[in-house]
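Remarks on the structure that follows.
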Amino acid sequence: MLIRKLKEIRASEKNVKSDGWESARLLLKGDGMGFSMHLTTLHAGAELKMHYQNHLEAVLVLKGTGTIEDLGTGETHKLAPGTLYALNDHDKHIVRPETEMLTACVFNPPVTGQEVHDETGAYPADTEADVADKVAAHA
């Protein structure tokens with residue numbers, strides 16, 4: 001059983017900051033759950049263009065408001081507490097927080113915790129060695 005406390009995560013290297021957001025990485029690849037879970041704060045006024053080519057992501061808005069633009073369709077959707085969006089087709093998108101937003105995010109496959117968005121807005125894919133390590137750890 002894993003028990004995590006947000007206050008402790010926020011004070012550790014598992015709290016990752018970047019332009020426009022800050023993310024407490026609650027569960028990561030090394031935890032062996034098959035997904036990662038993050039509590040992410042999106043800063044008001046940011047424009048976050050992302051394209052997770054190697055991961056699927058589901059996001060539940062807990063606090064704040066904003067919009068998400070689907071760059072494939074051109075559609076823009078309002079985001080508010082209780083709204084979930086799932087990037088089930090590796091969708092290119094832009095999130096625009098109007099106010100500070102608190103979100104719960106789940107990634108599959110899980111991230112390691114220190115990934116940085118590349119020039120396309122993606123996180124890197126697992127390497128074969130990473131997958132082999134994961135399988136060996138749970139054998």
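Listed by position, the strands (runs of 3 or more DSSP E) inside the stretch 1-108 whose residues that are crowded, with 18+ Cβ neighbours inside 10 Å, of a type outside the set (Lys, Arg) and free of Cβ contacts under 8 Å to residues at least 24 places away in the same chain number at least 2 are 21-27. Can you name every residue in the stretch 1-36 that is small (Gly, Ala, Ser), over 16 Å from GLU57 (Cα atoms) and in contact with a strand residue (DSSP E or B) (Cβ under 6 Å, 6 or more places away or on another chain)? Answer for the stretch 1-36, where residues must be small (Gly, Ala, Ser), over 16 Å from GLU57 (Cα atoms) and in contact with a strand residue (DSSP E or B) (Cβ under 6 Å, 6 or more places away or on another chain): just GLY20.
Here's the yes/no breakdown for (1) within 17 Å of THR103 (Cα to Cα); (2) at pLDDT 95 or above:
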{"residue": "LEU26", "(1), (2)": "yes, yes"}
{"residue": "SER36", "(1), (2)": "yes, yes"}
{"residue": "HIS43", "(1), (2)": "yes, yes"}
{"residue": "ALA46", "(1), (2)": "yes, yes"}
{"residue": "HIS51", "(1), (2)": "no, no"}
{"residue": "ASN54", "(1), (2)": "no, no"}
{"residue": "THR65", "(1), (2)": "yes, yes"}
{"residue": "GLU75", "(1), (2)": "no, yes"}
{"residue": "LEU79", "(1), (2)": "yes, yes"}
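The values are calculated or read from the model by the stated rules, or taken from the named source; none is laboratory data. Here the structure is a predicted model, which means the values were calculated and not measured. Don't worry about glycine lacking a Cβ; one is built from the backbone with ideal geometry, like all the others, and counts go over all protein chains shown.
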